[in-house]
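For reference, the structure is listed below as structure tokens.
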Amino acid sequence: MSDLFGFIEAGGTKFILGVGHAPDTILRTARVPTTTPAETIGAALAFFAQAEAELGSYAGFGIASFGPVDVDPASPTWGHITQTPKPGWSGADMVGPFTRRFGCSAGFDTDVNGALLAEWHQGAAMGADIATYVTVGTGIGGGAIVQGELLHGLRHPEMGHARPERHPDDREFAGTCRFHGGCLEGLASGPAVKARWGASLSELPADHPGHRIIGHYLGQLVVWQQALLSPRRIVFGGGVMDTPGLIDHVREAASDLAQGYFGVDRAGYDALVVPTALGGNAGLLGALALASRCGSTGV
């Protein structure tokens, strides 16, 4: 039986395509701009067809996708994008074109759950019975893993759309989320930072109040996760988190908000709240992990 997998980190601006072997051998990759579903998926199919001709047939596919998505295997729209703000992508079938073309099963989940799965297997969340992953970039998303199983439910976690308490120096900004205005994504994502300060967080001076404000919002998410899930590890990734010192602002805010209630002192937050160990490879390695699991996570 083939041990070759195809895998995709499907983002709102680009698809990163990979072919390789589990757990972390990547033989070749390509990037395809996210334009229309027909054009983007068509280009991905062509890449995988060429690789199949040269490397052999696939044992399965893994797709870690932007969303929202339908991750319920019993649903008739499993493997589809649902109602997304990405123009033209609502209802797009992300899995069917690959399973039909290559005659194999597929694992499918959110991009953030994929990244979490990779971090749990071989990154910053290794050994944690309960862990979460938060990406802070163009949007804000979060996922959770409990005893090796990714958390789903009615749909999948949408941690970026919870509504935080406003920072006292940030009460006037309406927020950029087209659905909720001042949710976490609307207040602390990359576009939200640029909308009110005219630059990315990393471009602002180190003493700019924006660093504390964004840390305050993300610190609230840490405390919510502690209250609801009691994770042993909270991993942060995404472009905004590359800002020097931001993760320390998050840790400090979480410690101040928690007031020692969850059994973690300030030093303990350094171990609880950590940056991604896999960096920009987390999403693609997560898609590979989904592919290798596809007998149990997909159809």
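The values are calculated or read from the model by the stated rules, or taken from the named source; none is laboratory data. Predicted model only: the values in this text are computed from it and were never measured. Note that we place each Cβ from the backbone using ideal geometry, even for glycine, and neighbour counts take in every protein chain shown. Heads up: the accessible areas ignore ligands, DNA and RNA and are worked out on the full protein's heavy atoms, side chains in. Shrake-Rupley method; radii C 1.70, N 1.55, O 1.52, S 1.80 Å.
Annotation for segment 80-117 versus segment 154-195: alpha-carbon center distance of 25 Å. The angle between the Cα long axis of helix 246-258 and the main principal axis of the chain comes to about 60°, on a 0 to 90 degree scale.
Taking every DSSP bridge with both residues inside the chain, close to 60 percent are antiparallel. When each of the peptides 168-176, 242-250 is scored by the mean number of other C-beta atoms lying within 10 Å of its residues, the order from highest to lowest reads 242-250, 168-176.
With r defined as the distance between the Cβ atoms of residue 83 and residue 195 and R0 fixed at 35 Å, what FRET efficiency is calculated, to the nearest 0.05? Write out the running numbers ahead of the final one.
Numbers: r = 23 Å, r/R0 = 0.66.
Using R0 = 35 Å, I get an efficiency of 0.95.
Surface composition of the chain: carbon and sulfur make up 53 percent of the accessible area, probe 1.4 Å. Computed on the chain, with alpha-carbon pairs under 8 angstrom and 6+ residues apart, the relative contact order is 23 percent. Helix 282-292 sits at what angle to the longest principal axis of the chain, using alpha carbons and giving 0 to 90 degrees rounded to 10? Helix 282-292 sits at roughly 40 degrees to that axis.
Suppose all protein chains stay in the model; what accessible area per residue would a 1.4 Å probe give for the chain, in Å²?
On the way: 12680 Å² over 299 residues.
With all protein chains present, the chain gives 42 Å² per residue.
Taking other residues whose beta carbon is less than 11 angstrom from the beta carbon of residue 233, and scoring Lys, Arg as +1 and Asp, Glu as -1, yields -1. Can you classify segment 66-120 as rounded, prolate or oblate using the Cα gyration tensor, where a ≥ b ≥ c are the square roots of its eigenvalues, rounded means a/c under 1.5, and otherwise it's prolate if a/b beats b/c and oblate if not? Note, shape of segment 66-120 comes out oblate. Stretched out straight at 0.36 nm per residue, the stretch from residue 256 to residue 126 would grow longer than its current Cα-Cα span by 44.1 nm.
Could you estimate the translational diffusion coefficient of segment 67-158 from the Stokes-Einstein equation, with Rh from the Kirkwood formula over C-alpha pairs, at 10 °C and 1.306 mPa s, in whole µm²/s?
Numbers: Rh = 14.1 Å.
For the chosen part, D equals 112 µm²/s.
The distance from the alpha carbon centre of segment 244-274 to that of segment 16-76 is 37 Å, rounded to a whole number. Per residue, the chain reaches -10500 deg cm²/dmol at 222 nm when only DSSP H runs of four or more residues are counted, each adding -39500 (n - 2.57).
Probe radius 1.4 Å, ligands and nucleic acids left out: which of 100, 163, 28 has the largest accessible area, and how do the rest follow? It would help to have the intermediate numbers written out before the result.
Details: 100 170, 163 150, 28 75 Å².
Of 100, 163, 28, the descending order of accessible area is 100, 163, 28.
With an a/c value of 1.5 or above and a/b larger than b/c for the gyration tensor axes a ≥ b ≥ c computed over the alpha-carbon atoms, segment 249-299 is described as prolate.
Taken one residue at a time, the phi angles of segment 107-119 give Karplus couplings (6.51, -1.76, 1.60, θ = phi - 60°) of x, 9, 6, 6, 5, 6, 5, x, 4, 4, 4, 5, 5 Hz. Gly and Pro are set to x.
If packing is taken as the average count of other Cβ atoms within 10 Å, what order do 15-26, 60-71 fall into, highest mean first?
60-71, 15-26
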